[in-house]
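Structure record follows, encoded as structure tokens.
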Amino acid sequence: MDKSIFTALNSMQILKNNQSVVSQNLSNTNVVGYKKDIQANFGSVYLDREKGIDPRVFAFSDVGAFDASQGPLKPSDRKLDLAIDGSGYFIVKPEGGKLALSRRGDLKVGQDGTLRDNTGAQIYSVDLEPIEVPPYRNISIATDGIITIEPLNAEPGEQVVVGQIASTEGSEEVKLVKSLDGFIRTEDGGVPEPDQQSKIVSGFLEGSNVKSVDELVSGIEQSRSYEINVKFISTAKELDEAGSSLMRMPN
């Protein structure tokens, strides 16, 4: 069998995975703070050969990453709706998971009194502890993440600082990847230390950075490329059969 068929099959597998990425992105178009997954990039590598013609090569792909660009900021009427204007992430602890990074800012006070997002992930403080918010009449969150409340039973005008939301911009030396649970972590599964360099704005939510039209066009292109590889395999099969017939000894 012509070895080029295996090259085409490898390319088809990558295209199939890319179609899954497109579907994933489209299904999260309206998810708060979602960062779109990036499709695998095609490449090639030659086997070492000191003499003679270079052997056939296989298509390979880089490990998929995500697009960290900022999504649109949409105003809301809730003081617990937060967005990061620019780069950076909130440090959170998903339910049943370990510390992670997130851009999701649709916050609420859970039944246990801790600050959480709408996925149930706890929002962590600069001390990397859950933030407990007592009952309040009014709440405000500063651009540096400091949370101030007017306690429910306190004297009018009395304000209490209950914590500071941890945020981090990470560093260029540390590569961030998406884990299987959809949250962002470093390659070794950890999170960078809080640096409080991010600008937090209250009363806004960051939308997904997925552009539906781009994803639909990409999906069409992936389908066409898949069909081309199918035709290539069919042609390689015909050539292989023709070559085999020429090699047969005449009766």
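When the solvent-accessible area of the range 91-235 is split by element, carbon and sulfur atoms take up 51 percent of it, the probe being 1.4 Å.
For the range 146-216 and the range 66-112, what is the separation of their C-alpha centers, rounded to whole Å? When both Cα centres are located, 5 Å separates them. Excluding same-chain neighbours fewer than eight residues apart, the lysines reachable from Lys108 by a Cα-Cα span under 22 Å are Lys35, Lys74, Lys79, Lys93, Lys98, Lys199. Each peptide among 99-107, 120-128 gets the average number of other Cβ atoms lying within 10 Å of its residues, and from highest to lowest they stand as 99-107, 120-128.
The values are calculated or read from the model by the stated rules, or taken from the named source; none is laboratory data. Treat the numbers as computed from the prediction; the structure is a model and nothing was measured. All Cβ positions, even for glycine, are placed from backbone atoms using ideal geometry, and neighbour counts span all protein chains on display. For accessibility, only protein heavy atoms count, side chains too; no ligands or nucleic acids. Shrake-Rupley method; radii C 1.70, N 1.55, O 1.52, S 1.80 Å.
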